[in-house]
Amino acid sequence: MKIAFVGKGGSGKTTLSSLFIRHLAATGAPVLAVDADINQHLGPALGLDEAEAAALPAMGDRLPLIKDHLRGTNPRISSAETMIKTTPPGAGSRLLRVCETNPVYEACARPVELDGAAVRLMVTGPFTEADLGVACYHSKTGAVELCLNHLVDGRGEYVVVDMTAGSDSFASGMFTRFDMTFLVAEPTRKGVSVYRQYKEYARDFGVALKVVGNKVQGQDDIDFLRAEVGEDLLVTVGHSDWVRAMEKGRPPRFELLEDANHRALQALQAAADAAYDVRDWDRYTRQMVHFHLKNAQSWGNARTGADLASQVDPGFVLRESLDGSEVGAPQPA
């Protein structure tokens, strides 16, 4: 399952995404965690110290390797240089699976141990001083989008992405790459404003969206969120001594997290798992192609000097097979 955590800056989305990752790891599930936020705090939230977090390899710096691997023998892609963040897979493309070893993971992913379990962590890399005034942060998150376009995950496998804050996610098609999007909102007018934006932008794309109320102090906060977001409110989370200890760099064992918060995380997993049963790989592929054609016309063709519309394989649908042996299949005639 591909799962995104979004919300305004300071809402607690990184903290909640890290708790969810810890919860999944504790169940023994395979987890690929991705930090796609401009502020790169997921590593420390998972227990890495400052030096360890700084040493994580940046996906943006390894984009040529990622493109070269994913291109495979796809005859529609003339070179890795003509691949952009939205390039869809086709016949001959290499696809990624959560539980495998491949050159992309070897270059970009690092194991993080969580109370005896381990998850893979990938990061876009920080926005550096050299980027100021000359680069857009979406040039870094493009590596994440390209990988998601080529990723096939199955039931019981989890890809958890901590997204950039606010509505920045809509600057690309990456917001459609997820089975479930959890929007973290505080019980304030500002807290729910991003929800309204996200809901409106995502309406036409079938994005599954649930709200996680954070920093909730009482029934009045719950009532406020319910009035503002209605049935989209899935769970609420209040003060946590466990989280406070984690933020000080001294997290107790995860099993000591408060029972109410354990139940909230179980509810998130149940909501994500339920989305598996309504997966629509055909729609997923159509949306991938839709955003690729938009990007090709807007800037991709001019930047690469190629007709990127020709990269679309009209007979290809990204999907799981029943036996798991084939992950990409042509559409029936």
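Restricting region 56-109 to residues that are touching a residue at least 24 places away in the same chain (Cβ under 8 Å) and of a type in the set (G, A, S) leaves a set whose member that is most open to solvent (accessible area, probe 1.4 Å) is S78. What do you reckon, is H23 open to solvent by 10 Å² or more (accessible area, probe 1.4 Å) and modelled with pLDDT under 95? The answer is no for H23.
Criterion applied to V112, V104 was being under 17 Å from the mean Cα position of the chain (by Cα) and under 30 Å from T27 (Cα atoms), and the one residue passing it is V104.
Tallying residues that are in contact with a His (Cβ under 8 Å, 6 or more places away or on another chain) and farther than 20 Å from T141 by Cβ within region 96-106 yields 2.
Going by what's in this entry, would L265 be described as open to solvent by less than 20 Å² (accessible area, probe 1.4 Å), within 21 Å of K190 (Cβ to Cβ) and among the hydrophobic types (A, V, I, L, M, F, W, C)?
no
Please determine, by comparing only the residues of region 209-253 that are over 30 Å from R177 (Cβ atoms) and of a type in the set (A, V, I, L, M, F, W, C), which one is most open to solvent (accessible area, probe 1.4 Å). Among them, the one singled out is A227. Scanning region 64-89 for residues that are touching a Ser or Thr at 6+ places or on another chain (Cβ under 9 Å) and closer than 30 Å to T15 by Cα yields a total of 2. Taking the conditions (1) part of a helix (DSSP H, G or I); (2) modelled with pLDDT under 85; (3) farther than 30 Å from D223 by Cα; (4) not small (G, A, S) in turn, F127 satisfies each one other than (1). Contact annotation: residue pairs with Cβ atoms under 6 Å, 6 or more positions apart or on different chains, pairing a residue in region 245-263 that is more than 10 Å from D115 (Cβ to Cβ) and modelled with pLDDT of 95 or more with a partner that is aromatic (F, W, Y) and surrounded by 13 or more Cβ atoms within 10 Å (Cβ to Cβ), are L257/W242. A165 passes every criterion in (1) modelled with pLDDT of 90 or more; (2) touching a Gly at 6+ places or on another chain (Cβ under 6 Å) apart from (1).
Taking the criterion of being crowded, with 20+ Cβ neighbours inside 10 Å and in a helix (DSSP H, G or I), the only residue of region 177-191 that qualifies is G191.
When each of Y201, Y284 is tested for being closer than 18 Å to S172 by Cβ and open to solvent by 60 Å² or more (accessible area, probe 1.4 Å), the lone residue that passes is Y201. Residues satisfying the criterion are absent from region 61-73 (criterion: small (G, A, S) and either in contact with a Pro (Cβ under 8 Å, 6 or more places away or on another chain) or outside any loop (DSSP other than H, G, I, E, B) (or both)). Taking the criterion of being touching a strand residue (DSSP E or B) at 6+ places or on another chain (Cβ under 9 Å) and within 30 Å of F20 (Cα to Cα), the only residue of region 287-315 that qualifies is M288.
Condition test on V194, is it at pLDDT below 90, crowded, with 19+ Cβ neighbours inside 10 Å and closer than 30 Å to R283 by Cα? Yes: the conditions hold for V194.
Just one of Y195, Y276 is closer than 30 Å to Q311 by Cα and of a type in the set (S, T, Y); which is it?
Y276
Quick check on my filter: what residues within region 205-243 are more than 16 Å from R263 (Cβ to Cβ), out of contact with any Phe, Trp or Tyr (no Cβ under 8 Å at 6 or more places or on another chain) and in a helix (DSSP H, G or I)? Matches in region 205-243: Q219, D220, D221, D223, F224, L225, R226, A227, G230, E231, D241.
Return yes or no: is A185 of a type outside the set (K, R), touching a residue at least 12 places away in the same chain (Cβ under 8 Å) and touching a Gly at 6+ places or on another chain (Cβ under 8 Å)? Yes.
Tell me yes or no: at least one residue of region 207-223 is under 20 Å from the mean Cα position of the chain (by Cα) and among the small types (G, A, S). For region 207-223, residues under 20 Å from the mean Cα position of the chain (by Cα) and among the small types (G, A, S): present.
Within region 222-240, residues that are farther than 16 Å from K13 by Cβ sit with their Cβ atoms under 9 Å from residues that are hydroxyl-bearing (S, T, Y), at 6+ positions apart or across chains, in these pairs: I222/T236; F224/T188; E228/Y195.
The values are calculated or read from the model by the stated rules, or taken from the named source; none is laboratory data. Everything numeric here is computed off the predicted structure, so don't read it as measured data. Note that each Cβ is placed from the backbone with ideal geometry, even for glycine, and that neighbours are counted across all protein chains shown. Side chains are part of the model used for accessible areas, which takes the heavy atoms of the whole protein and leaves out ligands, DNA and RNA. Shrake-Rupley method; radii C 1.70, N 1.55, O 1.52, S 1.80 Å.
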